[in-house]
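The next block holds one structure in the form of structure tokens; read it before the comments.
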Amino acid sequence: MCGVFGVATARGRKLSLGAQSCVALGELLAHRGPDGAGSMHFGHVALAHRRLALLDLDGGAQPYRSTGPTQRVILAWNGEIYNHLEIRRELAAAGAVFQTRSDTETLAMLLSMRGTAGLTSVRGMYALAAWFVESDELVLARDPLGIIPFFHAEVSTPAGCELAFASEPKAIVAHPHFRAEPDFASMASFLEMPRRTFGARTLYKGLRALEAGEVRRYALAGERIRCMESTRIATSTVPAPCSLADAAWRVRESVTASVEAHMAADTPVCALLSGGIDSTIIASVARTLQPSLRTFAAGAEDDAARPGSDLHTARHVARMLGTQHHETLIGGELFALTWERLVSEGGHPLCTPNEVAIALLADAVSPHAKAALTGEGADELFGGYGAPLEATLGWIDATPAHDAASAADFYRTAFGWAPRVLVPELFGRDAIARFGATDDDPLADLLVDACRDAGDLSTIDAHLAVQRRVNLVHLLERLNLSLMRGSVEGRVPFADVRVLDTALRAGGAHLFNEGEGGVATTTGTMVTKRVLRRAFADVLPQEILMRPKASFPLPFESWISAQSHWINGPVAREVFSPAARELVRTQAAQHWRLAWPVLNLSRWLDAAFG
């Protein structure tokens, strides 16, 4: 995992930033790549890179220039290509000659020989910027599952428009000609469903996120830079009816192979362990491949000795697997300090309290490993959210018309933090007058688009597709930004295109079964992640199989009151209404679903715009 910053403008113009300025903005991403730095400045295109070296430590420096008789490509990217040796063999058979063992060279050569069409053959996680020198085209691309975030903005300068792009918003926001303003409509959506991106929309006006699987091609050869094309890398597969046993066998094979692929590195790889089904499966497979595997768990100080807690259960699993186990204990004071640091340094609010735990785990991991395996993705691929799925089945049964607008309304009502009707009451009159736009609703746009693209909304498969588009991209972004604060790469074997293909082929029908313990519905008996449970039944102890779902739970409800003074910060006072400020200041713990997003926005507003 690395950090990328770049700017580009039309060929006949000169960038507003000199070489040293581009390097300085790239240095804002040094935490993403402490092992090395590189930059190139070509007058109208500049790239800066910070490297976290995991593969071919001597041969993967960036920005990277492709070599050979094909078109020249200069590449800066972050991620891992897990099938790069397969791609290498194919390209070598077509005449490519390689100089390093790095997947960076593989990716550059692939783009040089096959263009953006070559990305459909890539298995991995990536966010990339590639300049095709002869055609003077710039390509920005993000992997199909959205594992790694990437941001871009058109910036008006005295010399004309230029495109800035980076792995994190802060590098673009610091561009001297970028006018940093909060996106009020996105802030309203954040209060309703806390997340930093709503499709392409972000919390900064004019700053866009590259969407999962998006490939954008820019022409630099004209009078002004222009986006020629924006396409998506498809991942859909039609379910292939098969028995539960066959589906479980295929899942076992694909997940095991994915863990093995995700452990490829020239430096140590560890695993995060919560004691749940997903992390236990990942750690158990990894332990067979790496006998000296280290595992890491986090939880509240009071949970260390409590049976059934994450810490207690993870400790039990670690003993069972024989891993070298490490624990991070979190108290209220440490939580508050880390929360404030992440918002101030990261340039964005936190979406969930788990980000604090993940960041502290990164601090614990970094002395021992540069990459950590995690269990994100299993719930969205295999149906792991019991209560939401039960509510969704109820909506399917009770709703005559399964259209995208109705489904989007259901999602925001059933799973939102603050009701939409309450959101306007949280903002002050002056803020609404200055920023308010009642017809601008980024959350609705995201949900409607996801529901429209999901297919037949009377099926559970379509709603799992919505979860992948809406929830999984958000969780993967959260994981990446949190772990990278500590210079640790998060690797997600479940969020893998080949595992996804296996899950989609099995289909949601295998969530249901007569006579097996689960949630009774009109469709049958629902068992969350039933195929996954069956696939790894021999490595999952009964107490893990029966354990309620948890995700680094922290008693943050009782801790956030200590930061309630954020609501009275200089910018926050201008944005939030007196009633909202009084409620959060005096009753944060009681109304934590409201206080959490309000306090995060408050601290972010003061840190970014105060």
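Restricting attention to the stretch 36-56 and to residues that are surrounded by fewer than 16 Cβ atoms within 10 Å (Cβ to Cβ) and not small (Gly, Ala, Ser), the residue that is nearest to Glu489 (Cα to Cα) turns out to be Asp56. Checked against the criterion of being aliphatic (A, V, I, L, M), outside any helix (DSSP H, G or I), at pLDDT 90 or above and within 24 Å of the chain's Cα centre (by Cα), the stretch 229-238 has at least one qualifying residue.
Would you check if Val571 is assigned by TED's automatic domain parsing to the domain that holds Asp302, assigned to a helix (DSSP H, G or I) and at pLDDT 90 or above? Criteria not met by Val571.
Of everything in the stretch 425-444 that is in contact with a strand residue (DSSP E or B) (Cβ under 9 Å, 6 or more places away or on another chain) and modelled with pLDDT under 90, the residue that is nearest to Ala580 (Cα to Cα) is Gly428.
Exactly one residue out of Thr323, Thr352, Thr392, Thr374 is touching a helix residue (DSSP H, G or I) at 6+ places or on another chain (Cβ under 9 Å), at pLDDT 95 or above and within 30 Å of Gly455 (Cβ to Cβ): that is Thr374.
Residue-by-condition table, conditions (1) of a type in the set (Ser, Thr, Tyr); (2) under 23 Å from Ala433 (Cα atoms); (3) assigned by TED's automatic domain parsing to the domain that holds Val598:
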| residue | (1), (2), (3) |
| --- | --- |
| His177 | no, no, no |
| Ser189 | yes, yes, no |
| Lys205 | no, yes, no |
| Ala221 | no, no, no |
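Can you name the residue in the stretch 481-498 that is in contact with a helix residue (DSSP H, G or I) (Cβ under 9 Å, 6 or more places away or on another chain) and either part of a helix (DSSP H, G or I) or in the same structural domain as Val122 (by TED's automatic domain parsing) (or both) and, of all such residues, is surrounded by the fewest Cβ atoms within 10 Å (Cβ to Cβ)? Step by step, filter the stretch 481-498, then rank; the result is Arg498. For the stretch 159-190, the tally of residues that are surrounded by fewer than 23 Cβ atoms within 10 Å (Cβ to Cβ), under 21 Å from the mean Cα position of the chain (by Cα) and in a loop (DSSP other than H, G, I, E, B) stands at 1. Just a yes or no: is a residue in the stretch 299-322 in a strand (DSSP E or B), in contact (Cβ under 8 Å) with a residue 40 or more places away in the chain and closer than 30 Å to Gly79 by Cα? The answer is yes, given that some residue of the stretch 299-322 is in a strand (DSSP E or B), in contact (Cβ under 8 Å) with a residue 40 or more places away in the chain and closer than 30 Å to Gly79 by Cα. Taken as a whole, the structure places Ser230 among residues that are surrounded by fewer than 22 Cβ atoms within 10 Å (Cβ to Cβ), touching a strand residue (DSSP E or B) at 6+ places or on another chain (Cβ under 6 Å) and of a type in the set (S, T, N, Q). Does the stretch 19-27 include one or more residues that are in the same structural domain as Phe151 (by TED's automatic domain parsing), in a strand (DSSP E or B) and surrounded by 21 or more Cβ atoms within 10 Å (Cβ to Cβ)? Checked the stretch 19-27: no residue is in the same structural domain as Phe151 (by TED's automatic domain parsing), in a strand (DSSP E or B) and surrounded by 21 or more Cβ atoms within 10 Å (Cβ to Cβ). For Arg216, state whether it is basic (Lys, Arg) and over 30 Å from Asn600 (Cα atoms). So Arg216 fits the description; yes. Among residues of the stretch 557-569 that are surrounded by 14 or more Cβ atoms within 10 Å (Cβ to Cβ), those with a beta-carbon under 6 Å from a residue that is of a type in the set (Asp, Glu) and assigned to a helix (DSSP H, G or I) at least six positions away or on a different chain give the pairs Gly569/Asp606. Residue under question is Gly275, and the condition is that it be buried (at least 23 other Cβ atoms within 10 Å of the Cβ), assigned to a loop (DSSP other than H, G, I, E, B) and either among the acidic types (Asp, Glu) or in the same structural domain as Asp501 (by TED's automatic domain parsing) (or both); does it hold? Against the criterion (buried (at least 23 other Cβ atoms within 10 Å of the Cβ), assigned to a loop (DSSP other than H, G, I, E, B) and either among the acidic types (Asp, Glu) or in the same structural domain as Asp501 (by TED's automatic domain parsing) (or both)), Gly275 qualifies. Considering the conditions (1) assigned to a helix (DSSP H, G or I); (2) of a type in the set (A, V, I, L, M, F, W, C); (3) surrounded by 20 or more Cβ atoms within 10 Å (Cβ to Cβ), Ala414 is excluded by exactly one of them, (3).
So, in the stretch 521-558, how many residues would count as being basic (Lys, Arg), modelled with pLDDT of 75 or more and either farther than 26 Å from Val285 by Cβ or within 26 Å of the chain's Cα centre (by Cα) (or both)?
Number satisfying all stated conditions: 3.
The values are calculated or read from the model by the stated rules, or taken from the named source; none is laboratory data. Keep in mind the model is a prediction, meaning the values are calculated, not measured. Glycine gets a Cβ as well: all are built from the backbone with ideal geometry, and neighbour counts include every protein chain shown.
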